[in-house]
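The values are calculated or read from the model by the stated rules, or taken from the named source; none is laboratory data. What you see is a predicted model; the values in this text were computed from it and never measured. All Cβ positions, glycine included, derive from the backbone under ideal geometry; neighbour counts span all protein chains shown.
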């Protein structure tokens with residue numbers, strides 16, 4: 001049977017749609033399965049049930065003793081928020097300068113800032129552990145904020161620089177000629193125009209700090225434990241408490257899903273630091 | 001007439017950069033050098049007078065000559081990196097080619113891809129431990145249904161299978177993001193080049209191999225290097241999924257360093273191994289920076 005070009009195209013297109021659906025299914029099923037488990041009763045988790053009576057019970061239990069996920073939620077929120085509030089202004093100043101001025105060693109500095117991003121965390125954490133122990137910063141939120149600020153700083157500088165690069169320079173020059181100081185120009189002209197970019201970078205850094213695991217694991221043990229590390233609470237002697245783990249997982253991921261969808265458009269650009277345009 | 005802006009900003013431009021540079025260098029360069037110093041000492045974390053005795057290169061020679069576990073974790077890490085880089089790049093490219101044409105359906109799927117990426121690797125590790133549970137794991141049931149021999153296998157208790165579960169979890173977590181990156185790359189290929197191929201009557205496969213892939217090379221290179229860097233560093237996923245086990249079958253270098261430093265409290269040795277990890281990182285980062293800046297200067 002000879003196929004016309006049209007038929008061939010139609011068949012090829014259908015194959016593509018099927019492949020896309022299979023791919024998407026593989027991507028979403030683990031997330032959906034965890035989401036389902038969060039609403040299951042203990043017994044239902046241990047049978048591969050798709051239909052069950054949903055319950056909010058798990059979400060209540062995780063906030064109670066001995067788990068007290070509320071504490072971890074509070075810690076994660078404080079750490080991620082403080083990190084963003086400290087990192088974004090510092091990064092914005094630097095990004096503005098990198099974008100607008102001829103700095104000595106500008107390219108080298110930018111490369112080095114980028115490079116610190118790729119240093120394995122296990123190398124960095126050793127001296128920090130010793131220093132934090134000596135300074136009494138172990139298991140404190142301040143310590144975690146410091147670490148996370150350092151982690152997000154390179155991302156923030158590169159992302160914000162990218163946004164400022166995209167703002168035309170003419171208005172700034174006009175304002176300078178009219179006698180504004182540079183700080184006034186930054187406050188009155190650049191910041192309002194860069195605001196969407198700053199929000200994107202802020203959300204991006206929030207997600208990174210929220211999901212950060214290794215430093216939080218090593219540098220905290222009781223008081224300052226964050227959500228991802230808190231997942232370890234649900235390992236009991238009789239095995240993992242999967243319905244509770246799933247509920248905790250939902251509490252960790254849903255806020256990040258919402259934030260990620262907000263900045264979807266700029267997500268890729270921010271992650272690759274301008275490598276792909 | 002106001003003074004020239006550039007004159008006035010002579011110092012300001014450095015003042016603006018200073019705090020950020022200070023933060024970055026104090027938190028990256030200092031600990032790097034400090035780790036290097038530790039690596040020449042015998043140091044037990046449990047004692048306050050750390051580090052205790054200068055022993056030169058002994059930590060390094062110990063790793064190379066006396067520790068099969070070091071060679072094991074090096075091997076696991078290299079194998080893991082090679083396989084995950086290949087698989088993620090391959091599937092991400094395939095998925096990107098499928099989704100790139102656009103249209104409401106495909107764009108809708110593209111925005112769903114953001115979800116797995118917003119998941120922390122630690123949580124992905126937990127999810128996959130759940131999915132591969134031999135009694136009630138969904139993937140276990142799925143594989144059991146299509147390949148009868150593997151029903152109710154204790155995936156994470158078998159050294160080889162546990163390794164592949166880690167690979168699957170990592171690939172699963174990275175495909176969506178790299179797909180989005182490659183879609184961005186595909187969108188930047190000039191339409192005329194592709195249309196020229198179509199006019200010449202070249203088949204879809206020919207266009208893909210002769211036009212699309214070569215044009216995509218710079219972006220592909222960035223994707224491969226970026227993924228290699230993150231594969232070499234893998235920790236969260238392993239810690240949550242297998243904790244290096246069974247035995248040390250899935251122990252990556254990061255996990256090995258963590259164990260020696262914080263479980264066996266042997267900081268000097270752990271710093272030495274950590275520094276051995278820095279070397280390939282420097283090379284990869286150099287390659288990455290070259291690529292990124294080659295693009296920047298050609299813009």
Given (1) over 18 Å from the mean Cα position of the chain (by Cα); (2) at pLDDT below 90; (3) under 30 Å from residue B:44 (Cα atoms), index of the condition residue A:138 fails: (2)
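Filter region A:82-95 down to the residues that are within 13 Å of residue A:186 (Cβ to Cβ) and out of contact with any helix residue (DSSP H, G or I) (no Cβ under 6 Å at 6 or more places or on another chain) and list them by number.
Passing the criteria: only A:89.
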For the condition at pLDDT below 85, farther than 27 Å from residue B:107 by Cβ and not assigned by TED's automatic domain parsing to the domain that holds residue A:54, what is the one hit in A:167, A:189? A:167
Please indicate, with yes or no, whether at least one residue in region B:281-297 is facing chain A (nearest Cβ under 9 Å) and closer than 20 Å to residue B:170 by Cα. yes
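Would you say residue B:161 is at pLDDT 85 or above and surrounded by fewer than 22 Cβ atoms within 10 Å (Cβ to Cβ)?
The answer is yes for residue B:161.
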Among B:50, B:25, the single one that is surrounded by fewer than 20 Cβ atoms within 10 Å (Cβ to Cβ), modelled with pLDDT under 90 and either within 15 Å of residue B:266 (Cα to Cα) or more than 9 Å from every other protein chain (Cβ to nearest Cβ) (or both) is B:50
Extreme residue, nearest to residue B:255 (Cα to Cα), among residues of region B:80-132 that are outside any helix (DSSP H, G or I) and touching a residue at least 12 places away in the same chain (Cβ under 8 Å): B:120
More than 10 Å from every other protein chain (Cβ to nearest Cβ), farther than 24 Å from residue B:251 by Cα and not in a helix (DSSP H, G or I): is that true of residue B:202 in this structure? yes
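Yes or no, residue by residue, for (1) touching a residue at least 40 places away in the same chain (Cβ under 8 Å); (2) more than 13 Å from chain B (Cβ to nearest Cβ); (3) within 27 Å of residue A:222 (Cβ to Cβ):
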| site | (1), (2), (3) |
| --- | --- |
| A:63 | no, yes, yes |
| A:71 | yes, yes, yes |
| A:97 | no, no, no |
| A:130 | no, no, yes |
| A:140 | yes, yes, yes |
Among the residues of region B:114-129, is there at least one that is surrounded by fewer than 20 Cβ atoms within 10 Å (Cβ to Cβ), under 14 Å from residue A:30 (Cα atoms) and under 23 Å from the mean Cα position of the chain (by Cα)? yes
